[in-house]
1. Can you report the number of residues in the range 87-100 which are in contact with a helix residue (DSSP H, G or I) (Cβ under 7 Å, 6 or more places away or on another chain) and near ligand 1 (Cβ under 6 Å from one of its atoms)?
2. Only one of these is in contact (Cβ under 8 Å) with a residue 40 or more places away in the chain and touching a Phe, Trp or Tyr at 6+ places or on another chain (Cβ under 9 Å): Ile89, Ile36. Name it.
3. Out of the range 10-34, which residues are assigned to a helix (DSSP H, G or I), more than 11 Å from ligand 1 (Cβ to nearest atom) and crowded, with 18+ Cβ neighbours inside 10 Å?
4. How many of the residues making up the range 75-115 are under 22 Å from Pro45 (Cα atoms) and in a strand (DSSP E or B)?
5. Of these, Glu62, Glu3, which one is within 11 Å of ligand 2 (Cβ to nearest atom) and of a type in the set (Asp, Glu)?
6. Could you give me the residue pairs with C-beta distances under 6 Å whose first residue belongs to the range 100-121 and is more than 18 Å from Val74 (Cα to Cα), whose second residue is not small (Gly, Ala, Ser) wherever it lies, and which are 6+ apart or on separate chains?
Amino acid sequence: MEEENCVFCKIVKGEVPAYKVYEDEFVLAFLDINPINDGHTLVIPKKHHEDFLHLDEKEIAELMHAVQKVAKAVKKATNADGINIGMNIGKAAGQIIFHAHVHVIPRFENDGYKHWERKHKDKPDFEEIAKRIKENFK
Ligand code: 5GP
Ligand code: ZN
């Protein structure tokens, strides 16, 4: 998605309204318009990047530092029992907004949400998969 058509860039520029809860030079946090629970917040780098994999080291440090601050504030504000922090990277993983963002989702005992169901029943070739991943840190 181009920066000009990106709704999160528009929120950064103030062209689209949002309930902003935290802001610094590099990062903005605002309430998700369609929350999983009350207090569900999105934390984004102000600079447009398609997803988390495109951020450099400094941008990751700034983003994740803000994520921790936001998570603490959200947890206190909502009296949450726990927090899910997550990212959807790529269409196959459920990404719909192609401007990097981190979900901070307050969770409550018995709120009815389930973790991913494990459909993949066969044990994979762990050794081969681990080897392939290790070879790709380049
Ligand atoms: P993802 O791309 O990780 O699937 O999720 C994008 C998230 O952005 C969704 O949870 C959706 O509800 C939220 N979202 C989409 N458009 C807007 C918007 O215009 N404003 C706000 N505040 N949230 C949005
Ligand atoms: Zn953007």
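1. Summing the residues that are in contact with a helix residue (DSSP H, G or I) (Cβ under 7 Å, 6 or more places away or on another chain) and near ligand 1 (Cβ under 6 Å from one of its atoms) in the range 87-100 gives 1.
2. Result: Ile36 is the single residue among Ile89, Ile36 that is in contact (Cβ under 8 Å) with a residue 40 or more places away in the chain and touching a Phe, Trp or Tyr at 6+ places or on another chain (Cβ under 9 Å).
3. As a first pass, look at the range 10-34 and keep what is assigned to a helix (DSSP H, G or I): 10-13.
Okay, now just the ones that are also more than 11 Å from ligand 1 (Cβ to nearest atom), so 12-13.
The one that is assigned to a helix (DSSP H, G or I), more than 11 Å from ligand 1 (Cβ to nearest atom) and crowded, with 18+ Cβ neighbours inside 10 Å: Val12.
4. Going through the range 75-115 one residue at a time, the tally reaches 9.
5. Criteria check complete, one pass: Glu3.
6. Matching pairs, first to second residue: Ala100/Pro45; Ala100/His49; Ala100/Asp51; Ala100/Phe52.
All of the numbers you see were taken from the coordinates with simple rules; none came from a lab. Bear in mind that the values here come from a model prediction, so they are computed numbers and not experimental data. Cβ atoms come from the backbone with ideal geometry, glycine included; neighbour counts cover every protein chain shown.
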